[in-house]
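The values are calculated or read from the model by the stated rules, or taken from the named source; none is laboratory data. Computed from a predicted structure; not experimentally measured. Don't worry about glycine lacking a Cβ; one is built from the backbone with ideal geometry, like all the others, and counts go over all protein chains shown. Accessible surface areas use protein heavy atoms only, side chains included; no ligands, DNA or RNA. Shrake-Rupley method; radii C 1.70, N 1.55, O 1.52, S 1.80 Å.
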Amino acid sequence: MAESWKFCSEEGQTISLHDHCITKTEEVGADLVLYFTDDGFDVEKENPCNPTGRHRNTGPAALVLKNWRFLDGAFYRNCYELWPDGTKRELPEVPLTKEMFLGGGMSIEVLAHDWKPETGVLSLDADGGLYCDESDIPDGPEGFMTLELYAERLLFCWNDLPEDAWFQERGET
């Protein structure tokens, strides 16, 4: 939970979730915690909780959605496949429900996020799938997904900034 992290920021515009994976979801009372247990996410040098002067990676981290609600989710929304003859065919959308999202067997690589504090909506575009165990074999839909979650507040939480972010240029400060 947010209280167990050394740093919590509400500066969503200075956080990059791109190419980082949500590996676990957990409801804690009225809150939702999205865990980034592998390599966390990236904190830009402009974030007030980043004193390094460089864009840095957090290592294990979490997003805490205070008083959250599931708004919407889907696999393959507005997705097309291009056939060899040049025909573009829309993929059928598959609903992503709150129960599926919280089921514990989902791996989500975030492609883009958009946090709008004025409306409380966190939008995530991601690539992922539903898994029933530790294997890499999905037992449900997999591929491009969209999520919309509501939160009164969104906290980006971490304990350390051990290495440069993937987009930090060598020698750049």
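Solvent exposure of SER4, expressed as accessible area, is near 80 Å², computed with a probe of 1.4 Å over the protein chains only. Which of these values of Cα extents along the principal axes in Å was calculated from the structure shown: [x] 44, 41, 27; [y] 52, 42, 36; [z] 63, 38, 29? Among [x] 44, 41, 27; [y] 52, 42, 36; [z] 63, 38, 29, the one calculated here is [y].
The GluC sites (Glu not before Pro) of segment 1-108 meeting both criteria, a DSSP state outside H, G, I, E and B (loop) and at most 12 other C-beta atoms within 10 angstrom of the site's C-beta, are GLU46. Normalised per residue, the accessible area of the chain is 53 Å², obtained with a 1.4 Å probe and no contribution from ligands, DNA or RNA.
Computed extension gain for ASP127 through LYS98, at 0.36 nm per residue and net of the alpha carbon distance, reaches 8.7 nm. In this structure, the pairs whose alpha-carbon distance is over 31 Å, taken from LYS24/LYS88; LYS6/LYS116; LYS88/LYS116; LYS6/LYS98; LYS24/LYS116, are LYS24/LYS88; LYS88/LYS116.
Put a dot 7 Å past the Cα of ASP114, heading toward its Cβ, do the same for LYS45, and the two dots end up 2.9 nm apart.
If the chain linking TYR80 and GLU27 were pulled fully straight, counting 0.36 nm for each residue of separation and taking away their Cα-Cα distance, it would gain 15.7 nm. Rounded to the nearest 10 Å², what accessible area does THR37 have for a 1.4 Å probe in the complete protein model? Around 70 Å² of this residue is reachable by solvent. ASP160 contributes an accessible area of around 90 Å² to the protein surface, as traced by a 1.4 Å probe with all chains present. With the cut-off at 1.5 for a/c, could you classify segment 30-93 from its C-alpha gyration tensor as rounded, prolate or oblate? Since a/c reaches 1.5 but b/c is at least a/b, the shape of segment 30-93 is classed as oblate.
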